[in-house]
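The values are calculated or read from the model by the stated rules, or taken from the named source; none is laboratory data. Quick caveat, the model's predicted, so the values are computed rather than measured. Neighbour counts are summed over all protein chains in view; Cβ atoms, including those assigned to glycine, are modelled from backbone coordinates with ideal geometry.
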Amino acid sequence: MVKCLLFILLGLTTAINSYAISPPSNNAISLSLGGSSATYLNSFSIENNVAALAFSKNELSLNAANRFGLSDYSNVLLTGNVSSKLANIGFSYQIAPLAHLTSQKAQLAVAKKLGKQVSVGIAINYHRLSSTDAYYKTANFLTFNIGLYYAVNKKLNVGFQAFNPTRTPITESPLERLPANIRLGLDYLLAKNITLYSDVLQVSEEKIDLNAGLEISRDKYSIRGGFGLNQLVAVGFGWKADKLQLAITGAYHNQLGFSPSLNVGYAF
Amino acid sequence: MRFKLWILFTLCTFFSVAQTENEIVNEFIERYIENTSDEVDIQQFASDLLSYIYHPIDLNKADAQELFAAAFLDGFQSLEIIEHRKKFGNFISIYELQVLPSFSITDIQEILPFVSIKSSPIHLKDAKKIWQNGSHQILSLAELITPQLKGSLISDTLTDRSKNHYTGTSLYNNLRYRFDYKRFISFGVNMEKDAGEAFGGDNNPAGYDYYSFYFAARDIGRLKALNLGDYQANFGQGLTLSTGLAFGKSSIITNSKRNFNGFGAYRSLRENAYLRGGALALELGNITTGIFASYKKVDGNTLDEEDRDPETPIVTTSIQEDGGLHRTPSELADKDAITDFQTGFYVDYKLPFGRIGTVNYLRKLSASLEPNEQPYNQFNFRGEDYFKNGLYYDFVYKNINVYGEVSHSSFENAIAQVHGALVSLHRAVDVSFVYRNYDKSFITLQSNGFGESSNASNENGFYSGFQAQLSKRFTLLGYYDLFTSPWLRFGADAPTKGNDLWAELHYKPSKKWRAYYRYRTETKQTNVSGETTNQLTNITTQRHRLHMDYTVKKGVQLRNRIEVSVVEKANRTSFGSLVYQDIIYKPFGNSLQLKGRVAYSSIDQFENRIYSFEPVPLYDYPLFTHGFSGLRFAALVRYKTRKGLDFWFRYAYTQQDVPLNSLDQSYTIGSGMQEIKGNVKQTFTLQVRYKIK
């Protein structure tokens with residue numbers, strides 16, 4: 001099976017030799033896995049695959065990231081996941097505080113397990129864009145994302161998410177829409193401590209993108225490495241105590257440069 | 001020993017899972033359609049499969065011809081059944097098939113609805129019993145597209161009726177009645193109105209645009225077949241006479257062989273793809289012989305009467321053997337413009353190791369077919385009448401099946417021939433070979449030869465396919481096909497050559513989930529504009545597909561697919577991709593079913609288009625073309641009552657991505673009369689079926 005997966009990944013990699021423009025990873029773990037995140041279980045799933053929240057633990061996490069050393073591309077994201085008897089509730093708030101075009105997003109999500117192996121989820125997202133010198137001035141709009149997560153067996157999990165499938169308009173004149181993105185991913189336990197993650201990401205008006213990464217975990221420590229066809233290579237390191245979790249990642253784009261990302265999480 | 005086997009087989013039956021006939025048929029259609037690039041007559045295929053469900057084939061009595069003709073058995077399985085019966089006699093249980101190498105328990109469960117080991121008696125002497133014991137079905141489908149098609153919108157506002165417009169609304173509707181008494185007697189009526197066609201009024205005073213009636217009796221004593229009304233005729237390997245559609249190249253390597261079975265009921269809604277009149281076939285010992293006559297009107301693009309010299313015959317540039325669209329005044333002008341008379345006979349001789357036969361027919365049209373003068377169609381048939389003669393054979397020896405056909409057509413005395421073999425080399429390895437050589441002047445009308453195109457003309461080629469069970473979990477299958485066109489083709493101003501490779505690796509670790517990876521690469525030659533003349537260039541299309549299918553628990557199934565297409569033409573590369581998620585949910589067993597799909601495609605140009613099989617009502621066309629970038633959503637609800645009533649409701653939503661420099665208002669989907677304003681298209685479909693017995 002492992003050989004097959006690698007063979008297929010290789011085949012698809014050969015096929016998709018274009019450079020797609022994909023949304024950046026929203027946290028250090030996803031970035032270190034090349035952008036793969038449809039099946040990674042943590043509170044950041046609210047954006048990557050909202051259904052995965054149902055299998056994630058209760059936690060509150062913060063991510064701070066910068067892309068390519070540009071202040072406009074600095075981002076802070078706070079996420080939370082709380083489980084109840086009925087369902088899991090997720091929430092998040094993110095802001096790009098140093099950008100000329102300030103973008104903010106608040107999300108509220110519900111994810112529910114359907115049996116032991118399957119979960120579904122939906123998130124409602126409020127977006128606000130504000131700028132003094134762009135034609136947006138101020139734009140407020142709502143989007144949604146829906147997800148599906150299923151554990152095929154003990155080794156294989158699959159996740160699917162559609163974000164903003166209706167391509168909500170940002171401005172009416174000229175008409176500009178927020179892109180839709182469809183994410184289909186899987187993770188496979190290659191060996192006791194080694195997991196392969198891979199996502200296919202389809203953003204509207206862009207080429208399909210493929211990401212893949214490996215996570216090697218031992219006791220409290222994790223090492224991750226991954227790549228995305230969007231000319232991205234990333235390496236990350238993770239550490240967790242009983243309740244505290246840290247992850248730090250450095251990603252390199254061969255034309256645009258270096259991007260750091262840091263996660264701090266607290267499990268409860 | 002046989003008693004122990006019987007115990008085992010009986011126990012196995014407890015594990016069989018009940019499915020509705022709709023599901024069974026759709027699963028088979030999906031398997032076939034998803035694996036072929038050719039157009040397939042879904043309605044005829046579904047009707048044939050349903051006939052087997054209502055009246056299963058008797059594995060102990062069916063001869064080689066019947067077994068090969070059964071779409072749910074592949075050629076190798078049929079070979080093994082024949083060999084097993086020779087060695088051990090009749091089957092005592094269907095589960096005895098397990099001892100045959102090409103049948104897994106899953107295969108047996110899949111074919112269970114179609115097969116039996118004993119036939120039920122016939123009560124032909126008592127007509128009342130036939131009526132009482134037969135089954136009746138009434139089925140109607142209505143489909144509406146919104147927003148309205150441009151052709152229908154023009155029609156609403158048009159003052160000058162001579163301008164091109166649709167004469168009817170955007171509503172599609174069909175109505176069918178069908179009666180079956182086992183597999184022996186059937187009759188029915190089919191009616192259809194396509195979207196844009198008028199219902200009633202001056203343009204269609206009879207109401208529907210298309211009416212079809214058929215009566216068919218078969219396998220009653222010496223009567224092999226009796227057909228009245230509309231019927232189909234398919235013989236040999238489809239070179240001489242084949243009125244239906246046949247499967248093209250696919251990963252199902254046994255599809256390389258045509259398994260035609262003579263005359264049959266015509267239950268499809270494909271207008272003009274049938275014969276109309278009568279056919280009779282009798283079985284006289286080892287010889288089966290039949291005659292037929294057909295008189296019908298077909299659509300044709302005839303020149304206006306005013307332009308014609310009265311001394312010369314009526315001339316048509318084309319005749320429509322399919323389509324049947326009569327929406328605009330110009331399409332209506334072509335309707336039934338030509339009369340078409342055909343008559344012929346066949347003789348089939350059954351041998352201990354197979355059969356050999358000949359089919360011969362002539363056809364006379366009321367207009368002379370004169371295609372536009374182009375270099376590529378210089379050798380195409382021209383004239384009012386022609387005849388064809390064919391000789392076909394189909395031999396079985398142990399695990400080898402050799403078959404073929406040689407056909408002669410009167411125009412230029414052209415010859416087309418195809419010869420093939422299915423060989424089971426080992427318990428786990430089967431291979432298939434096909435050689436074809438179709439003359440450039442061979443008449444392609446009513447031909448369905450195996451090849452790169454469905455026309456049995458202007459093509460030479462060699463196909464080799466294989467399937468290998470690598471282990472319990474892995475199966476590898478595929479084919480390689482080399483082909484040439486000795487004369488020009490449409491879009492190629494010189495003789496061309498090409499090749500086609502298809503490989504699939506299937507992984508099935510458990511009953512709950514399976515996955516496969518498919519790779520296909522095809523290289524053909526086509527025109528590119530040169531400075532003075534067109535030149536040939538290679539166009540290579542590569543396709544990668546990863547598909548996963550997972551049964552969560554009884555009644556809940558999930559499917560995912562990623563597909564990528566890469567087209568390289570004249571140093572330019574374009575891409576297409578498709579990602580989708582399917583959910584199939586049956587909350588109350590088979591009485592209520594819900595199927596849904598969310599898909600997103602990104603397509604650079606139409607050559608990168610990707611096909612997928614969507615959930616649709618029974619008989620409806622399921623293949624959707626993702627030839628655009630954007631979202632596709634489709635949902636199907638089926639509700640089955642205990643009183644024989646079935647309802648299907650389908651909703652499909654397409655949202656094409658609008659480029660940033662375009663406004664929504666100016667964007668359109670489709671072209672010509674089919675054009676829709678905006679980037680959103682919605683389709684509502686409702687189908688109702690009432691079945692007695």
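Here are a few things to note about the model shown:
Yes/no matrix, rows are residues, columns are (1) farther than 30 Å from B:S104 by Cα; (2) without any contact (Cβ under 8 Å) to a residue 40 or more places away in the chain; (3) buried (at least 24 other Cβ atoms within 10 Å of the Cβ):
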residue: B:N389; (1), (2), (3): yes, no, no
residue: B:N401; (1), (2), (3): no, no, yes
residue: B:N413; (1), (2), (3): yes, yes, no
residue: B:D430; (1), (2), (3): no, no, yes
residue: B:Y435; (1), (2), (3): yes, yes, no
residue: B:Y463; (1), (2), (3): no, no, no
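- Of all residues in the range B:93-112, exactly one satisfies the criterion of being charged (D, E, K, R) and crowded, with 20+ Cβ neighbours inside 10 Å, namely B:E96.
- Some residue of the range B:572-585 being free of Cβ contacts under 8 Å to residues at least 24 places away in the same chain and more than 9 Å from chain A (Cβ to nearest Cβ): yes
- Verdict on B:T551 being closer than 30 Å to A:K155 by Cα, modelled with pLDDT under 95 and not small (G, A, S): yes
- Of all residues in the range B:615-632 being under 26 Å from B:L139 (Cα atoms) and in a strand (DSSP E or B), the one that is farthest from the other protein chains (Cβ to nearest Cβ): B:L623
- Qualifying residue in the range B:538-546 (condition: in contact with a Cys (Cβ under 8 Å, 6 or more places away or on another chain), surrounded by 19 or more Cβ atoms within 10 Å (Cβ to Cβ) and at the interface with another protein chain (Cβ under 10 Å from one of its Cβ atoms)): no
- Inspection of the range B:463-481 finds no residue satisfying the criterion of being assigned to a strand (DSSP E or B), in contact with a Phe, Trp or Tyr (Cβ under 9 Å, 6 or more places away or on another chain) and at pLDDT below 90.
- Within the range B:557-571, tally of residues that are more than 7 Å from chain A (Cβ to nearest Cβ) and either surrounded by fewer than 17 Cβ atoms within 10 Å (Cβ to Cβ) or within 27 Å of B:K511 (Cα to Cα) (or both): 7
- Qualifying residues in the range A:200-236 (those that are β-branched (V, I, T) and within 14 Å of chain B (Cβ to nearest Cβ)) - the one surrounded by the fewest Cβ atoms within 10 Å (Cβ to Cβ): A:V203
- Residue ranges of strands (runs of 3 or more DSSP E) in the range A:155-199 with at least 2 members within 11 Å of chain B (Cβ to nearest Cβ) and touching a helix residue (DSSP H, G or I) at 6+ places or on another chain (Cβ under 8 Å): A:156-163
- Total residues in the range B:361-374 satisfying the condition of being under 28 Å from the mean Cα position of the chain (by Cα) and either farther than 30 Å from B:K297 by Cβ or surrounded by fewer than 19 Cβ atoms within 10 Å (Cβ to Cβ) (or both): the figure is 3.
- Failed criterion for A:L31 (all others in (1) part of a strand (DSSP E or B); (2) over 21 Å from A:E176 (Cβ atoms) hold): (1)
- Considering the range B:482-515, and only residues there that are farther than 20 Å from B:S432 by Cα, of a type in the set (D, E, K, R) and part of a strand (DSSP E or B), the residue that is farthest from the other protein chains (Cβ to nearest Cβ) turns out to be B:R489.
- Lone qualifier among A:T39, A:T79 - being buried (at least 23 other Cβ atoms within 10 Å of the Cβ), at pLDDT 95 or above and either farther than 25 Å from A:I223 by Cα or within 14 Å of another protein chain (Cβ to nearest Cβ) (or both): A:T39
- Odd one out for A:H100 among (1) within 14 Å of chain B (Cβ to nearest Cβ); (2) in a loop (DSSP other than H, G, I, E, B): (1)
- Residue check for A:L70: without any contact (Cβ under 8 Å) to a residue 60 or more places away in the chain, touching a strand residue (DSSP E or B) at 6+ places or on another chain (Cβ under 6 Å), more than 24 Å from A:L184 (Cα to Cα) and surrounded by fewer than 17 Cβ atoms within 10 Å (Cβ to Cβ): no
- In the set (1) assigned to a loop (DSSP other than H, G, I, E, B); (2) crowded, with 18+ Cβ neighbours inside 10 Å; (3) at pLDDT below 85, B:I122 fails one condition alone, (2).
- Which numbered condition B:D340 fails, given (1) of a type outside the set (A, V, I, L, M, F, W, C); (2) buried (at least 19 other Cβ atoms within 10 Å of the Cβ); (3) more than 24 Å from B:R178 (Cα to Cα); (4) modelled with pLDDT under 90: (4)
- Given (1) within 17 Å of the chain's Cα centre (by Cα); (2) surrounded by fewer than 17 Cβ atoms within 10 Å (Cβ to Cβ), number of the condition A:L148 does not satisfy: (2)
- Residue that is surrounded by fewer than 24 Cβ atoms within 10 Å (Cβ to Cβ), assigned to a loop (DSSP other than H, G, I, E, B) and out of contact with any Leu (no Cβ under 9 Å at 6 or more places or on another chain), where the choices are B:D219, B:D202: B:D202
- Among the residues making up the range A:41-80, a single one is among the aromatic types (F, W, Y), farther than 18 Å from A:I146 by Cβ and outside any strand (DSSP E or B): A:F68.
- Residue, surrounded by the fewest Cβ atoms within 10 Å (Cβ to Cβ), within the range B:595-610, restricted to residues that are away from chain A (no Cβ under 14 Å) and free of Cβ contacts under 8 Å to residues at least 60 places away in the same chain: B:F606
- Among the conditions (1) away from chain A (no Cβ under 13 Å); (2) in contact (Cβ under 8 Å) with a residue 12 or more places away in the chain; (3) not β-branched (V, I, T), B:Y519 misses just one, which is (1).
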